[in-house]
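**Q** I have a structure here, written as structure tokens, and I will follow up with some questions on it.
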Amino acid sequence: MTRPHRRPGLAGAPLAPYPHGGLGRHPNLPPGERLRVLLVEDDEGDAFLVGELLAETNSMIDLLVATSLSDARQRVAGVDCVLLDLGLPDAQGLDGLRKVLEMASGAAVCVLTGRSDEHLGIVAVAEGAQDYLVKGQVDGVLLTRALRYAVERKRADENARRLREVELRQAESARLERGLLPQPLMSTDEVAVHTFYRPGRHAALIGGDFFDVVQTRPDRVDLIVGDVCGHGVDEAALGVELRVAWRALILAGVPDDEVLPALEQVLMSERRLQEIFATVATARLDLHSNRATVRLAGHPPPLLLSGGKVAPVPAPGGLLLGVRPRRPVAFDLEFDIDDWSLLMYTDGLIEGRVGNGDDRLDVPGLAGLLEDPASQAVPLAELPAWLVGRAEQINGGPLADDVAMLLVTRGGGR
């Protein structure tokens with residue numbers, strides 16, 4: 001093939017038709033996959049020279065050429081890097097750069113300047129370009145290396161941005177978790193309370209499960225476990241609001257029968273969609289008389305462990321909060337002995353599968369786990385985590401929904 005005449009340009013490269021990029025690897029270039037580069041250059045000679053430089057070094061770069069910003073807009077999809085001349089017929093200087101950065105947000109951008117514009121190249125990097133190249137001062141190896149390094153810097157910047165977003169989401173989750181999962185507000189040593197929370201496997205953030213414990217008198221302890229339907233930030237925030245509202249109502253001494261109706265009003269006024277509902281279970285412990293008052297609003301019943309037996313508390317199920325306002329019916333629970341535990345939980349614990357069919361663990365299955373002789377060897381403080389572990393074994397993997405538990409115990413606990 002006859003070598004063409006040379007003309008001034010990028011490092012004096014020859015003017016010959018070129019394959020867009022090279023076909024193999026150059027020993028002096030960093031390894032990498034094949035890249036797609038869009039050259040935005042209105043000077044046909046300079047565009048030709050860029051192609052020749054890349055072809056001579058077997059750069060593994062496919063070069064596309066656009067002669068204007070409007071032309072580049074049609075070709076930018078899917079490119080790894082944009083090599084931009086700052087003097088275009090429809091965009092000049094930094095204005096063109098800003099437009100390219102906006103249209104090619106996922107691609108690296110390198111600026112191509114003349115000698116007199118070198119200071120402008122430095123400013124361009126400050127504006128967001130990954131690098132700048134000066135016409136007449138680069139050869140094929142340097143050009144290819146600059147383009148590949150620009151792509152890697154862009155990827156590093158994107159990874160850093162994503163990492164920052166993850167850190168922000170984690171911080172947001174931590175703030176929501178502190179709101180959903182507070183420290184029990186109690187001072188008595190007549191009962192002990194053990195708490196547990198685990199997000200579902202599908203949730204990047206914690207969901208809408210919540211619990212709380214408040215002691216208002218030496219002989220009175222109130223407990224709540226609740227679940228806002230759905231998962232994510234909105235549901236978690238609503239769960240925090242409901243928990244805080246419940247605590248405020250209890251501390252304010254609102255009559256027992258008025259607490260859940262007031263909580264329902266909070267739910268209905270704060271939810272973002274009319275379809276959002278919540279289930280709750282509450283228990284008021286009277287330590288002096290060794291009894292409890294249980295109220296359910298669409299929530300699974302607590303389990304009573306006492307005298308070596310396990311049984312669901314036969315409280316009426318009640319309606320979901322947020323569906324049709326109605327006062328839950330109170331159920332009085334008498335503890336026959338001073339050794340007992342009351343397990344309150346969200347339905348994520350009992351919705352796991354049993355075997356390969358569609359059967360769920362459900363309340364009877366959970367009671368069966370607690371009646372298992374193996375559970376007797378588990379300390380009460382570790383029992384909630386043990387239950388989740390057994391439920392996941394039976395399910396054949398992690399539970400799909402969030403799980404929250406309160407285990408309140410007196411005396412020996414079972």
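**Q** Rounded to the nearest 500 deg cm²/dmol, what is the calculated helix-only ellipticity per residue at 222 nm for the chain, with -39500 (n - 2.57) per DSSP H run of length n ≥ 4?
**A** -11000 deg cm²/dmol
**Q** Which percent of the accessible area of the chain is formed by carbon and sulfur heavy atoms (probe 1.4 angstrom)?
**A** C and S fraction of accessible area: 51 percent.
**Q** Which whole-number value in Å² is the accessible area per residue of the chain, probe 1.4 Å?
**A** 47
**Q** Among 80-88, 246-254, what's the highest-first ranking by average C-beta atoms within 10 angstrom per residue?
**A** 80-88, 246-254
**Q** Return the label of the correct value of semi-axes √(5λ) of the Cα gyration tensor in Å, as calculated from the structure shown, out of (i) 69, 23, 17; (ii) 40, 28, 19; (iii) 35, 24, 22.
**A** Looking at semi-axes √(5λ) of the Cα gyration tensor in Å for this model, the match is (i).
**Q** Using only the alpha-carbon atoms, what does region 285-414 span along each of its principal axes? Please give whole angstrom values in decreasing order.
**A** 44, 42, 18
**Q** Note the full-extension length gain between ARG162 and ALA400 as 0.36 nm times their separation in residues minus their Cα-Cα distance, in nm to one decimal.
**A** 83.1 nm
**Q** Multiply the residue separation of ARG169 and GLN137 by 0.36 nm, subtract the distance between their alpha-carbon atoms, and state the gained length in nm to one decimal.
**A** Result: 7.0 nm gained on full extension.
**Q** Still on this structure: Could you grab the relative contact order for region 101-145? Cα pairs under 8 Å, six or more apart, rounded to a whole percent.
**A** That works out to 39 percent.
**Q** Follow-up. Identify all aspartates and glutamates with a Cα-Cα distance to LYS135 below 19 Å; exclude those on the same chain that are fewer than 8 residues away in sequence.
**A** Result set, ordered by chain and number: GLU41, ASP42, ASP43, GLU44, ASP46, GLU52, GLU56, ASP85, ASP117, GLU118.
**Q** Something else about it: Give the relative contact order (percent, whole number) for the chain; include only Cα pairs under 8 Å separated by 6+ residues.
**A** RCO, the chain: 12 percent.
**Q** Please compute the Cα-Cα pair-distance distribution of region 22-163 with 10 Å bins starting at 0, giving whole percents from short to long.
**A** Distribution as computed: 12, 47, 35, 6, 0 percent.
**Q** Give me the one-decimal nm value for the distance between modelled label points at VAL323 and GLU275, 7 Å along each residue's Cα-to-Cβ direction.
**A** 1.5
**Q** Taking region 181-286 on its own, what percent of its Cα-Cα pair distances exceed 25 Å?
**A** When every Cα pair of region 181-286 is considered, 21 percent fall beyond 25 Å.
The values are calculated or read from the model by the stated rules, or taken from the named source; none is laboratory data. All figures in this text were calculated on a predicted structure; none of them were measured in a lab. Reconstructed Cβ throughout: ideal geometry from the backbone, glycine too, with neighbour counts over all protein chains shown. Quick note on the areas: whole protein, heavy atoms, side chains included, nothing else; ligands and nucleic acids left out. Shrake-Rupley method; radii C 1.70, N 1.55, O 1.52, S 1.80 Å.
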